[in-house]
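Since the structure comes first, as structure tokens, the remarks are kept for the end.
The values are calculated or read from the model by the stated rules, or taken from the named source; none is laboratory data. Computed from a predicted structure; not experimentally measured. For neighbour counting, all protein chains shown are included, and Cβ atoms are generated from backbone atoms with ideal geometry for every residue, glycine included.
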Amino acid sequence: MKTVKFVHLTDTHMNAPGKDGLLAKFQLADKVAQAFRYIEETKIAPAFVLITGDLTHEGDAEDYAYIRQVLDEGSRLIGAPVHVVLGNHDHRGPFREGYLGEQPSEEPYYYSHTIDGLRLIGLNSQVPGNHNGTVDETQLAWLKQELSTAAPHGTIVALHHPMLGIGGMLGDHILTNRRDIGEALVGTDVVGVFAGHVHSDNVGSYMGIVNVAAAGTAFIGKADAEENFRMIDACSINVVSVTPGEGVSVQTLTLPTSGTEYFRFPMKALAAQH
């Protein structure tokens, strides 16, 4: 059976050059360019690249136009398309205007594409002004209809908020209606759910379906003994292989960075951000 390979990036938090803001000074687009160079130099040859949200950090249309430029350059370099979903730090109107070239709209961004026989379903789990996520009823109904027909090599689902917390942590930052989503996926051809948001690698299963949360491409999060959450300079990518009838494998690769701390905040403050 044909194995379909893709690269999973997440939480790129890019801003256009010259912008102000918490993360703009770190030039995080350089990390994304580094990831695409690595993909090309190591001949990974993915069918596509998937980015599971927080494309920017509270960006405007100018930021999204710049992100589109960065990702288009990466796509040309590796000869593969890039597909994205939106995260809690993204904004739908500016995304549609700057990235898609459409009229600004607050409509959720979701889609279905089939690439080399593998169906990719992208969902919008944003709740504006909130850190946790929900897939609304309209998307759920559409998802069920989409999954009523199987794809040649199965289906993966991509969204920003994961279905699993991390060892009891960050439970308030995952999907609030994960059971509804799980019930929509059980018994279909879905072989895995791919997410970001938590800035840490986390692989498990929910209702019998593989769930993968990837560490950030821009930075990773680490808890310390003083109950702080530390954001560390890092660049992580996942290479995912889907083989029909066999399953999913995930290889995590960490690219060279300084490893310095960007910033930290108390875990209690994180827990308060519902």
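In the stretch 176-197, the residue that is surrounded by the most Cβ atoms within 10 Å (Cβ to Cβ) out of those that are of a type in the set (G, A, S) and in a strand (DSSP E or B) is A195. If you check L120, L100, which single one turns out to be farther than 25 Å from D201 by Cβ, hydrophobic (A, V, I, L, M, F, W, C) and modelled with pLDDT of 95 or more? Only one candidate qualifies: L100. Exactly one residue among I67, I44 is at pLDDT 95 or above, of a type outside the set (S, T, Y) and under 20 Å from T252 (Cα atoms), and that residue is I44. Determine whether G53 is crowded, with 16+ Cβ neighbours inside 10 Å, touching a strand residue (DSSP E or B) at 6+ places or on another chain (Cβ under 8 Å), at positive phi and at pLDDT 95 or above. When the stated conditions are applied, G53 passes them.
Against the list (1) more than 20 Å from the chain's Cα centre (by Cα); (2) closer than 30 Å to E137 by Cα, the condition G259 fails is (2). Of the residues G101, G79, G93, the single one that is out of contact with any Pro (no Cβ under 6 Å at 6 or more places or on another chain) and over 23 Å from P46 (Cβ atoms) is G101.
Picking from residues in the stretch 128-159 that are touching a strand residue (DSSP E or B) at 6+ places or on another chain (Cβ under 6 Å) and assigned to a loop (DSSP other than H, G, I, E, B), the one that is nearest to L50 (Cα to Cα) is L159. Set side by side, the residues S258, S241 differ, and just one is touching a Lys or Arg at 6+ places or on another chain (Cβ under 6 Å) and either at pLDDT below 90 or in a strand (DSSP E or B) (or both), which is S241. If the condition is being touching a Ser or Thr at 6+ places or on another chain (Cβ under 6 Å), of a type outside the set (A, V, I, L, M) and crowded, with 21+ Cβ neighbours inside 10 Å, then the stretch 114-155 contributes R119, G133. In the set (1) touching a strand residue (DSSP E or B) at 6+ places or on another chain (Cβ under 9 Å); (2) under 25 Å from T134 (Cα atoms); (3) modelled with pLDDT of 95 or more, the condition left unmet by D201 is number (3). Whether a residue is surrounded by 22 or more Cβ atoms within 10 Å (Cβ to Cβ) and touching a Phe, Trp or Tyr at 6+ places or on another chain (Cβ under 6 Å) was assessed, and F48 does not pass this test. The set of residues from the stretch 82-103 being out of contact with any strand residue (DSSP E or B) (no Cβ under 8 Å at 6 or more places or on another chain) and polar (S, T, N, Q) comprises just one member, Q103. For the stretch 198-219, check the following and say yes or no: at least one residue is over 26 Å from I115 (Cβ atoms), in a strand (DSSP E or B) and of a type outside the set (D, E). Scanning the stretch 198-219 turns up at least one residue that is over 26 Å from I115 (Cβ atoms), in a strand (DSSP E or B) and of a type outside the set (D, E).
Restricting to the stretch 239-259, name every residue that is farther than 15 Å from Q34 by Cβ and either surrounded by fewer than 13 Cβ atoms within 10 Å (Cβ to Cβ) or not aliphatic (A, V, I, L, M) (or both). Once the filter is applied, which keeps residues that are farther than 15 Å from Q34 by Cβ and either surrounded by fewer than 13 Cβ atoms within 10 Å (Cβ to Cβ) or not aliphatic (A, V, I, L, M) (or both), the stretch 239-259 yields S241, T243, P244, G245, E246, G247, S249, Q251, T252. Being under 22 Å from S125 (Cβ atoms) and acidic (D, E) is a property that holds for D60.
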